[in-house]
Structures are given as structure tokens and as C-alpha cells.
Ligand SMILES: [Zn+2]
């Protein structure tokens, strides 16, 4: 039956296009998952109990002294949100 063959072909094409759109949505979702925040987006200040709030001199994020990374430069202690910021800081 030629008609049935054509029908199967149409169904197959529709299924493939549907599959492609599903893969596209999943791929986009995965991309958003890997890169949740756009670069340069303001970070929310991290506040934890039992610590004083200090400003990261590299990125400007406020962090609690209880959870922040420290670096002592010239008798003064600086606080950083991450290892990356501490590495960038040249005090
Ligand atoms: Zn920082």
C-alpha cells in the first residue's frame, strides 16, 4: 500500500521534528543549569550567624567573617568570598 507508506513517512518526519525540539529544550535547560547566572550579575550577600559582615575588596560582595576566606596584608586582615578573589587580591 503506497498510501500507508506515505503515512508512515509523515509520522516519522513528525516524530523526528518533535524529538529535535525536545532535545533542543533539554540542551537549553542543561546550558542554564551549567551557567545559572550571567556574568556580572550581582551576588547576594552571604550572611551567617556568629560573624561580622565584611566587604570583599575584589568583587564587592559582603561576606560574614565566620565563613569568609582571610588574608593578612600589612597587619590588616582582608576577607574574601572565594579562593578566586583572594588570589586576585594584591594588597
Ligand atoms: Zn569575591
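Being buried (at least 17 other Cβ atoms within 10 Å of the Cβ) and within 11 Å of residue 54 (Cβ to Cβ) is the filter; apply it to region 70-86 and report the residue that is nearest to the ligand (Cβ to nearest atom). By that ranking, first place goes to 81.
Would a scan of region 53-62 turn up a residue that is on the phi > 0 side of the Ramachandran plot, modelled with pLDDT under 90 and within 16 Å of the ligand (Cβ to nearest atom)? No, region 53-62 contains no residue that is on the phi > 0 side of the Ramachandran plot, modelled with pLDDT under 90 and within 16 Å of the ligand (Cβ to nearest atom).
The values are calculated or read from the model by the stated rules, or taken from the named source; none is laboratory data. Small disclaimer: the values here were computed from a predicted structure and weren't measured. Cβ: placed from backbone, ideal geometry, glycine included. Neighbour counts: every protein chain shown.
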